[in-house]
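Report on the structure given below.
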């Protein structure tokens, strides 16, 4: 059902079985897939691309121009996947010339007042807590849990299957599978409860734990610690992910 009190630009493309509540604004150059529920007072602006089965709560703004003084009106997008829940007052800005798109994957929960800045990339299966603010070009891998009121510096990356304590702020990368917290932010162990809930085997969890013991507690520098992990910990996709993530980190990892 589309309310007669909503405004939809004639050039916007709307899929099937989309509910659009009163006072929704849908701009030109917008594509919305099937089975979406768009609640009152949502603004979906030019350059937005929304998949299927999403629920967007009142006050959300998708596709606003980036808060970047270098932006010169280039043709960029804000891309939302499928089956996301986007709560009240969430903002997802368009990309810039740097990457061309801001991307949110599928099956994510973005809680109230989350801000996703230009050219950010959020994977799938993530939970982003209330009032968390992400600067431009950050990356969040699949199945990460970002608690409330977190401040993420530009260009940072967060690994998958980890959890970050509420109220944290950071300017370095956070590797996968770990708990990050305290002030200043630091490694606080691996996310054992989360990994068990995701059906990681005890052997895999133990190998992840042993890898991080070497990385964080051996006294070795990062390069030597990664070599030791490769030599001593059985190879698996999880260990390869950890080593690749840290080795390719441009900002360095939290300590």
> Just wondering, is there one or more residues in the range 162-169 that are closer than 14 Å to residue 64 by Cβ, part of a loop (DSSP other than H, G, I, E, B) and at pLDDT 95 or above?
Replying inline: no
> Within the range 49-114, which strands (runs of 3 or more DSSP E) (wholly inside it) include 1 or more residues that are surrounded by fewer than 17 Cβ atoms within 10 Å (Cβ to Cβ) and touching a strand residue (DSSP E or B) at 6+ places or on another chain (Cβ under 7 Å)?
Replying inline: none
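How many of the residues making up the range 174-213 are touching a residue at least 60 places away in the same chain (Cβ under 8 Å), more than 15 Å from residue 141 (Cβ to Cβ) and in a loop (DSSP other than H, G, I, E, B)?
1
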>> I'm trying to understand the selection: among the residues of the range 142-151, which are assigned to a strand (DSSP E or B) and within 11 Å of the chain's Cα centre (by Cα)?
In response: 145, 146
> Regarding residue 128, is this residue surrounded by fewer than 21 Cβ atoms within 10 Å (Cβ to Cβ), touching a strand residue (DSSP E or B) at 6+ places or on another chain (Cβ under 9 Å), more than 21 Å from residue 34 (Cα to Cα) and free of Cβ contacts under 8 Å to residues at least 40 places away in the same chain?
Replying inline: no
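Condition check: over 20 Å from residue 126 (Cα atoms) and either outside the structural domain of residue 133 (by TED's automatic domain parsing) or without any contact (Cβ under 8 Å) to a residue 12 or more places away in the chain (or both). Does residue 147 satisfy that?
Numbers: over 20 Å from residue 126 (Cα atoms): no; either outside the structural domain of residue 133 (by TED's automatic domain parsing) or without any contact (Cβ under 8 Å) to a residue 12 or more places away in the chain (or both): yes.
Taking the combined requirement at face value, the residue does not satisfy it.
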> What residue, among those in the range 1-15 that are assigned to a loop (DSSP other than H, G, I, E, B) and within 27 Å of the chain's Cα centre (by Cα), is farthest from residue 44 (Cα to Cα)?
Replying inline: 15
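The values are calculated or read from the model by the stated rules, or taken from the named source; none is laboratory data. If you're wondering where the values come from, they're calculated on a predicted model, not measured in any experiment. Neighbour counts are summed over all protein chains in view; Cβ atoms, including those assigned to glycine, are modelled from backbone coordinates with ideal geometry.
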